[in-house]
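What follows is a single structure, written as structure tokens, with notes after it.
The values are calculated or read from the model by the stated rules, or taken from the named source; none is laboratory data. Just so it is clear, the model here is predicted, and its values are computed rather than measured. All Cβ positions, even for glycine, are placed from backbone atoms using ideal geometry, and neighbour counts span all protein chains on display.
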Amino acid sequence: MDVSSNYTQLRASGHIAWSTSAPSLRTFYPAQPRTYIVRSLDLSQSGCVAMLDAGIDRLMPSRFNLLPTFKPSNITLQTSPGKGLGLFSPNMVYPGEALFAEHPILVLPYAVDAGVPLREAYDDMLSRLPAQTRQELLYFCQSTGAHEPTSAQHLISRITPFAIPLSVPNRDSSDVEMHRGVFLKMSRCNHSCGPNAVWRWDPESFSLILTAIRYINPGEEITIAYTNVSLPQHERRFNLRRSFGFRCACEWCTLDHKSVLESDAARFFLSTFWDSPSRPSFKAWCQESFYSSDTLILDHQRALRYIQREGLETLSSALPSTGIHMSDTIRHIDAISMCYAALEDIDKFAIWTRRAAEEREAFNVLGPDRKLVFSKWLSNPSCCPVWGAKKSTYLRG
Ligand SMILES: C[S@@+](CC[C@H](N)C(=O)[O-])C[C@H]1O[C@@H](n2cnc3c(N)ncnc32)[C@H](O)[C@@H]1O
């Protein structure tokens, strides 16, 4: 291990396998021992120490964009029944509103060459953090009620990391792209099976951004999903227990037995919606007169009701045409608007097209092209390519 004034180089010796209690850390045996660099990144007062594969370290930009600034939302840390501490919003938050952005304090690879002396690396990393940040990390472990951590490695492994992708030198290194980011504030965000916020990694500012996906009332807890929330309760429970070691106390997991069955059925309906063979495609619905005018509309409206009831605004799926991921809420609204266009129902087409534009606007995904298309359709609905597509079948029928 070579130590210089501002960074530490760790060379995997290729034969010492360090065990670690970190649940998410994997060790592997690469053909050539890898070299890792441990160094501080100049990001914020809380400090940030990264342990990176030397190839990845070379690709790290020397500067990052400033943290995006948002309306100060004064997130508070409070007790959440059955979940320890959690993040709460004292203010009303709107769907699509960014809650906060945060730099990591530690960045580590997900998969580390088994020859790396991890214990030394973790000691080194912690010693480089400001004393105040180290204190906060310790407080994090104490407040979760667990035993005092016995080492830096133990302490770091206690904190649930977020998976952040970093640029890798080439496609062959894609297996080492994913890193564990440890965050002081974000790591307090609890899980819910109907979360009201989502997070995303912003490589330009090297930060995690938390965004509301529905209205969050003053005093409400901010939650994210730690697991696939479209699964039935017993599978979510199994996954949360296996990966994070807790039993979920969210409002969907504490329902009575009958309501859990209803919730599972709704989640199944939503997760299989786009591939369900029993539902006609839009084209088939337009062409076949035996499909009643409201079959598809009622199904999409039911999906929107379930999304709201189950708190599943987080659901998104790949569009078959482009493969691009889009919010399921937007997809259902678009589909209803197209059905009304096909039926030449001017009033309802206008209502749902406006809703499609508003939903996109809230989440900043209403590009100028789409905005123009919507305004054209609203001023002259017959411009919509599927205008009358179902009605003409009726007339033919
Ligand atoms: C990343 S921490 C979240 C902050 C933590 N509650 C605290 O007091 O610092 C994850 C831990 O919080 C608790 N937790 C998070 N979501 C929960 C939920 N839905 N039900 C019960 N416990 C939860 C579990 O103990 C879990 O291991």
Quick check on residue 387: is it of a type in the set (Phe, Trp, Tyr) and assigned to a loop (DSSP other than H, G, I, E, B)? yes
Taking the condition of being of a type in the set (S, T, N, Q), in contact with a Cys (Cβ under 8 Å, 6 or more places away or on another chain) and either at pLDDT below 90 or closer than 18 Å to residue 122 by Cβ (or both), how many residues in the stretch 152-201 meet it? 0
Filter the stretch 215-234 down to residues that are free of Cβ contacts under 8 Å to residues at least 60 places away in the same chain and within 15 Å of the ligand (Cβ to nearest atom) and give me whichever is farthest from residue 315 (Cα to Cα). 233
Taking the stretch 101-118 and keeping residues modelled with pLDDT under 90 and in contact with a strand residue (DSSP E or B) (Cβ under 6 Å, 6 or more places away or on another chain) leaves 109, 110, 111, 112, 114, 116
Across the stretch 81-111, what is the total count of residues that are assigned to a loop (DSSP other than H, G, I, E, B), within 13 Å of residue 197 (Cβ to Cβ) and not aromatic (Phe, Trp, Tyr)? 3
Taking the stretch 190-202 and keeping residues touching a residue at least 12 places away in the same chain (Cβ under 8 Å) and under 16 Å from residue 98 (Cβ atoms) leaves 195, 196, 197, 198, 199, 201, 202
Of these, 167, 187, which one is over 30 Å from residue 305 (Cα atoms), touching a residue at least 40 places away in the same chain (Cβ under 8 Å), within 15 Å of the ligand (Cβ to nearest atom) and within 22 Å of the chain's Cα centre (by Cα)? 187
Filtering the stretch 203-214 down to residues that are away from the ligand (no atom under 16 Å from the Cβ) and within 12 Å of the chain's Cα centre (by Cα) yields 209, 211, 212, 213
Would you check if residue 192 is of a type in the set (Gly, Ala, Ser), closer than 15 Å to residue 105 by Cα and within 15 Å of the ligand (Cβ to nearest atom)? no
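Conditions (1) within 16 Å of the ligand (Cβ to nearest atom); (2) over 25 Å from residue 248 (Cα atoms); (3) buried (at least 19 other Cβ atoms within 10 Å of the Cβ), marked per residue:
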| residue | (1), (2), (3) |
| --- | --- |
| 68 | no, yes, no |
| 79 | yes, no, no |
| 82 | yes, no, no |
| 99 | yes, no, yes |
| 105 | yes, yes, yes |
| 115 | no, yes, yes |
Within the stretch 323-360, residues within 21 Å of the chain's Cα centre (by Cα) and of a type in the set (Val, Ile, Thr) come out as 324, 329, 330
Top-ranked residue of the stretch 322-348 - restricted to ones that are in contact (Cβ under 8 Å) with a residue 40 or more places away in the chain and not in a helix (DSSP H, G or I), ranked as surrounded by the most Cβ atoms within 10 Å (Cβ to Cβ): 343
For residue 311, state whether it is at positive phi, surrounded by 15 or more Cβ atoms within 10 Å (Cβ to Cβ) and either under 23 Å from the mean Cα position of the chain (by Cα) or of a type outside the set (A, V, I, L, M, F, W, C) (or both). yes
Kindly establish whether residue 363 is among the aromatic types (Phe, Trp, Tyr) and out of contact with any Phe, Trp or Tyr (no Cβ under 6 Å at 6 or more places or on another chain). yes
Tell me the residue from 307, 330, 324 that is at pLDDT 95 or above and more than 23 Å from residue 383 (Cβ to Cβ), please. 307
